[in-house]
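Asks: Please read through the structure below; I'll follow up with questions.
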Amino acid sequence: MNPVLNRRNLLWGGASLAGAALTARLTDTSVRFMNSALAQVAAPSGPIRMSSNENPYGPSKVAIEAMQAAFSQSNLYGGIGNQILELQASIEKVSPESITISAGSGELLQAAGILASLDKGSIVAPYPTFGQLLRAAEDMGSEIINVPVDENMHIDLEAMYAAIRPDTKMVYLCNPNNPIPSIIEKKALEDFVRTVAKDRLVFIDEAYYEYVDNPDFSSMMPLIAEGVNNVIVARTASKIHGFAGLRVGFGFAHPELIERLNLVKTGSISILAQHAALVAYQDKEFQDFARARNKEGLAIVEGMFDELGLRYVKSNANFVFFETGIDNEAFRASMREHNILVGRLFQPYPTWARVSIAKREEMAYFVQTYKSLYT
């Protein structure tokens with residue numbers, strides 16, 4: 001199934017089942033209604049941030065209240081790390097010894113890139129993908145082997161396996177991917193990870209997994225619970241929990257691998273962020289709210305893509321990736337003139353744009369602006 005869609009070639013099934021589920025909730029009628037009202041959307045007073053895949057609603061009220069209550073402890077070292085580990089262990093059904101807390105998943109990406117580069121070699125990764133781990137490894141002397149996504153803009157596991165060399169220390173996978181919000185089919189991914197992890201590290205970045213509503217997707221967390229070694233699963237509170245500025249992340253791996261990661265980690269999280277994380281991960285109501293609003297935003301913008309016949313990748317995350325047909329820098333500049341900040345250039349797609357899902361009225365303004373400029 002080709003996930004690059006247009007209005008004349010919309011195939012349901014496989015990776016597009018998430019879109020079918022969404023359409024069942026937000027009917028064609030509701031999408032047409034939302035799009036028909038776009039001309040009434042007023043210009044924003046300040047820039048709309050649609051460039052960094054942030055949660056426009058977070059942190060939640062309970063997280064903010066937890067931070068306010070923790071201010072009086074700001075003079076103290078330490079914190080409640082053990083409570084957070086126990087909570088994560090309970091949620092993910094793994095042992096606390098299989099978890100490390102990091103200053104956002106970014107710190108874990110940095111640490112893993114360094115760990116994989118202590119012995120010089122190569123790292124295999126899809127292209128394009130999120131680059132923080134790869135930059136850290138390259139700075140340490142590793143060679144990055146970029147494997148282009150397939151013609152459907154999906155990560156090509158067969159090509160990635162073929163790219164592995166005897167000196168390959170790690171394979172990196174972002175699932176859902178970024179900037180392309182596609183997923184890797186769960187059985188194929190599990191088989192791939194089990195095979196590759198016999199000889200080298202496999203890092204699976206699941207920063208956006210909370211947003212996925214697709215039966216073809218599965219986290220690789222069960223492999224951690226099973227005790228499979230050489231596998232690292234990364235999670236972050238930056239996305240659905242709205243902690244991009246607070247910096248809370250988690251790494252899950254075999255306890256022996258967690259010990260090795262902890263040796264190369266350098267950061268810590270503040271007492272405020274710790275207390276916020278403890279309550280945020282128990283706040284199911286806010287997580288459900290954020291997911292529902294994200295689906296509404298996706299329905300608005302993907303409805304425009306279908307209406308105008310624009311090629312795009314069906315989203316499994318909180319952003320979209322679509323073909324504007326013009327140079328990315330020119331597109332960014334025109335959007336910026338209308339107080340909309342959209343994603344940077346991602347090679348090798350100079351005429352495609354990544355746009356984060358903002359609030360409903362902001363998505364409506366984006367659609368209104370795009371139509372006024374390009375239709």
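Readers should treat all values here as calculations from the given coordinates under stated rules, not as data from a laboratory. Given the structure is predicted, the values throughout are model-derived calculations rather than measurements. FYI the Cβ positions are ideal-geometry reconstructions off the backbone, even for glycines, and counts take in every protein chain you see.
Asks: Which cross-chain or sequence-distant (5 or more) residues have an amide H under 5 Å from the amide H of Lys239, H modelled 1.01 Å from N in plane?
Replies: none
Asks: Same structure again: Out of (1) 0.99; (2) 1.06; (3) 1.45, which label holds the value of Cα Rg over 2.2 N^0.38 Å that was computed here?
Replies: Given (1) 0.99; (2) 1.06; (3) 1.45, the structure-derived one carries the label (1).
Asks: Next up: With respect to the cross-link table entries Lys93/Lys186; Lys284/Lys314; Lys239/Lys295, which display a Cα-Cα separation exceeding 21 Å?
Replies: Lys284/Lys314
Asks: Give me the compactness ratio for the range 84-172, meaning the Cα radius of gyration over 2.2 N^0.38 Å.
Replies: 1.25
Asks: Averaged over every viewing direction, what's the projected area of the C-alpha convex hull for the range 246-375? Give it in nm², one decimal, please.
Replies: 11.1 nm²
Asks: Something else about it: Taking the chain as the reference, fit the longest principal axis to its C-alpha atoms, fit the long axis of helix 360-374 to the helix C-alpha atoms, and give the angle between the two in degrees, 0 to 90, nearest 10.
Replies: Here the helix axis deviates by roughly 60 degrees.
Asks: Specify, per residue and in Å³, the volume enclosed by the convex hull of the alpha carbon atoms belonging to the range 61-280. The partial results should precede the final answer.
Replies: Values: hull volume 25.8 nm³, N = 220.
So the per-residue Cα hull volume is 117 Å³.
Asks: Relative to the first principal axis of the alpha-carbon coordinates of the chain, what is the inclination of helix 61-70, with its axis defined by its Cα atoms, in degrees from 0 to 90 and to the nearest 10?
Replies: 40 degrees
Asks: To make sure I understand, if each residue's beta carbon is the centre and we count other beta carbons within 10 Å, what order do Val320, Val228 fall in, fewest to most?
Replies: Exposure proxy ranking, most exposed first: Val228, Val320.
Asks: Next question. If the cut-off is a Cα-Cα distance under 18 Å, which lysines reach Lys198, setting aside same-chain residues fewer than 8 apart in sequence?
Replies: Cα-Cα hits under 18 Å: Lys169, Lys187.
Asks: Taking θ as phi - 60°, what are the ³J(HN,Hα) couplings along the range 298-309 by the Karplus curve (6.51, -1.76, 1.60), each to the nearest whole Hz, with x for Gly and Pro?
Replies: Computed from phi, the couplings for the range 298-309 are 4, 4, 5, 6, 6, x, 5, 4, 5, 4, 8, x Hz.
Asks: How far is helix 186-196 tilted off the main Cα axis of the chain, in degrees rounded to 10, range 0 to 90?
Replies: The answer is roughly 30 degrees.
Asks: Within the range 260-330, report the trypsin sites (Lys or Arg not before Pro) that DSSP leaves as loop and that have at most 11 other Cβ atoms within 10 Å.
Replies: Passing sites in the range 260-330 do not exist.
Asks: Using Cα pairs under 8 angstrom and six or more residues apart, how large is the relative contact order of the chain, in percent? Kindly include the intermediate steps, with their values, before the conclusion.
Replies: On the way: 724 pairs, mean separation 103.9, N = 375.
Rounded, it is 28 percent for the chain.
Asks: List residues of the range 169-210, by number, whose backbone nitrogen lies under 19 Å from a label position 7 Å along Cα→C-beta of Asn229.
Replies: 169-171, 193-204
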